[in-house]
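Accompanying notes for the structure given below.
The values are calculated or read from the model by the stated rules, or taken from the named source; none is laboratory data. Because the structure is predicted, anything quoted here is derived from the model rather than measured. Note: ideal-geometry Cβ built from the backbone for every residue, glycine included; neighbour counts use all protein chains shown. Only protein heavy atoms, including side chains, enter the accessible area calculation; ligands, DNA and RNA are left aside. Shrake-Rupley method; radii C 1.70, N 1.55, O 1.52, S 1.80 Å.
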Amino acid sequence: MTIFSVHSTIFSRASVVLLSSNGFKRFSFASSFSSTAVYSPRLPKVKKQRRYPIVSAVDIGGVTIARNDVVKDDDPTNNVPDSIFSKLGMQLHRRNKHPIGILKSAIYNYFDSNYAKKFEKFEDLSPIVTTKQNFDDVLVPADHVSRSLNDTYYVDPQTVLRCHTSAHQAELLRKGHSRFLVTGDVYRRDSIDSTHYPVFHQMEGFCVFSPEDWNDSGMDPTLYAAEDLKKCLEGLARHLFGSVEMRWVDTYFPFTNPSFELEIYFKEDWLEVLGCGVTEQVILKQSGLENKVAWAFGLGLERLAMVLFDIPDIRLFWSSDERFTSQFGKGELGVKFKPYSKYPPCYKDISFWISDAFTENNFCEVVRGIAGDLVEEVKLIDQFTNKKGMTSHCYRIVFRSMERSLTDEEVNDLQSKVRVEVEKKLNVELR
Ligand code: PHE
């Protein structure tokens, strides 16, 4: 049985409100080698075997960014590891034979052929942004979880790796742009499984309307924008998917009201692929746009590409294995990925008493730091609190390479390194 529904597209308007107890929903969806990364000619003398190359500098839009400006081992507010720094210049969305680049072009085509008034495209804006751009400008409250060190990569207290392309909305509006698409790599600390990777790609869409646009419709401007937005994204979804099953879900974003999410049925589950809504008036006013309304959307390119190209694991997007890269060609949207083989997984469990400061994201970062893309999943399989009030967690780590079979020795070695590092860095007590 295929996982895709053969029914015609369902755009249900079902209203399921997804608010967490504090009323804030983390905007969550909703991830080779770099031609632009500059590799250090001499690797630092580290005896540890690393799963990723040490990169000394990256090039973003012609600007060279040095490692030491982004990875600061001695600064407690800096939580950017080398594995993340090395992704900064990669810009998978700008490779025209890569699924992410192919998908980006297909979305561009939809906008170019359906809108007489062109959308401007930005795809080379630096992912290193200020907290003002990433949070304040788009009205993210001071106590919102997304601002925490647990969720976002901080370079310093005022600088982050953007966690969404919405970070560019206000600056582009202030510069006078009113219809645009922004594509870029975004960064989020997260758990590990086949659909989550700490770097992924988003496309932001933004469209401003003036009174002459909605006056004739006789509609309330907010309603006018919401209807236009849904029509636009339904058309886009049909352009990309034809007949996949979908549904709209009401949600919350700090920067839009009303806000919606579009979900797609994938692998027997509903997968969130985009967030959108009518832009909060304050954002328009702050950018000098009185008497206007606007809509915005942000979509996760990996999520969509996994469905479109049948890509089973998000790590594959980063593979330089020819058996992956050679399967996709410029402009070819219909291609389905043929798995070259599935190598056996290896499961290892680790149990420890956690400390108050323990978080699963921190644990996952340690595991990724050691095993890189050899880790497929980390899941909590048991937890309990004893009479003394100590809490124990047991995690199952699934190791699996997408390119070869792992040896027992190699996996044991990774696991023992994980044990050492977890104890050292996370202040937990191994059991
Ligand atoms: N920035 C949101 C996210 O990353 C998506 C979004 C963009 C939602 C624009 C509404 C409007 O989850």
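Using a cutoff of 8 angstrom between alpha carbon atoms and counting only pairs six or more residues apart, the relative contact order for the stretch 106-190 works out to 39 percent. Each residue of the stretch 265-273 was assigned a 3J(HN,Hα) from its phi angle through the Karplus curve 6.51 cos²θ - 1.76 cosθ + 1.60 (θ = phi - 60°); the sequence is 7, 9, 6, 6, 8, 7, 10, 6, 10 Hz, with glycine and proline shown as x.
Hand me the trypsin sites (Lys or Arg not before Pro) from the stretch 108-176 located in a DSSP loop with no more than 14 other Cβ atoms within 10 Å, in residue order please. Sites meeting the loop and neighbour criteria: Lys117, Lys118, Lys175. For the pair the stretch 322-374 / the stretch 69-98, the C-alpha centres are spaced 17 Å from each other. Selection among Gly275, Pro339, Phe135 by position relative to the dipole of the chain gives Pro339 as farthest towards the positive end (Cβ unit charges, Cα centre).
Of the solvent-accessible surface of the stretch 347-412, computed with a 1.4 Å probe over protein heavy atoms with every protein chain present, carbon and sulfur atoms account for 45 percent.
Phi-derived couplings, Karplus 6.51 cos²θ - 1.76 cosθ + 1.60 at θ = phi - 60°, listed residue by residue for the stretch 321-336: 5, 4, 5, 8, 4, 6, 7, 10, x, 3, x, 8, 8, x, 4, 9 Hz, with x used for Gly and Pro.
Backbone geometry of the stretch 93-101 corresponds, through the Karplus equation with coefficients 6.51, -1.76 and 1.60 at θ = phi - 60°, to 3J(HN,Hα) couplings of 5, 9, 9, 7, 10, 9, x, 5, x Hz, x marking Gly and Pro.
Close amide H partners of Thr251, meaning residues 5 or more places away or on another chain with modelled amide H under 5 Å apart, are Ser259, Phe260, Glu261.
Near Lys121, the amide H atoms lying under 5 Å from its own belong to Leu181; only residues 5 or more places off or on other chains count, and H is placed 1.01 Å from N.
Dividing the helix sum by the residues of the chain, where each DSSP H run of 4 or more adds -39500 (n - 2.57), gives a mean residue ellipticity at 222 nm of -7000 deg cm²/dmol.
Pairs with C-alpha atoms separated by more than 18 Å, drawn from the list Lys230/Lys285; Lys121/Lys285; Lys87/Lys417; Lys72/Lys132; Lys117/Lys231, are Lys230/Lys285; Lys121/Lys285; Lys87/Lys417; Lys72/Lys132.
The trypsin sites (Lys or Arg not before Pro) of the stretch 241-311 that meet both conditions, a loop assignment by DSSP and at most 14 other Cβ atoms within 10 Å of the site Cβ, are Lys267. When the GluC sites (Glu not before Pro) in the stretch 280-360 are filtered for DSSP coil states and for at most 13 other beta-carbon atoms within 10 Å of their beta-carbon, the remaining sites are Glu290, Glu332. Using a cut-off of 10 Å between beta-carbons, work out the net charge of the residues near Ser166 (Lys and Arg +1, Asp and Glu -1, Ser166 not included). Every neighbour counted, the sum reads -1. Positive end of the dipole of the chain (Cβ unit charges, origin at the Cα centre): among Ala116, Phe317, Ser191, the Cα lying farthest that way belongs to Phe317.
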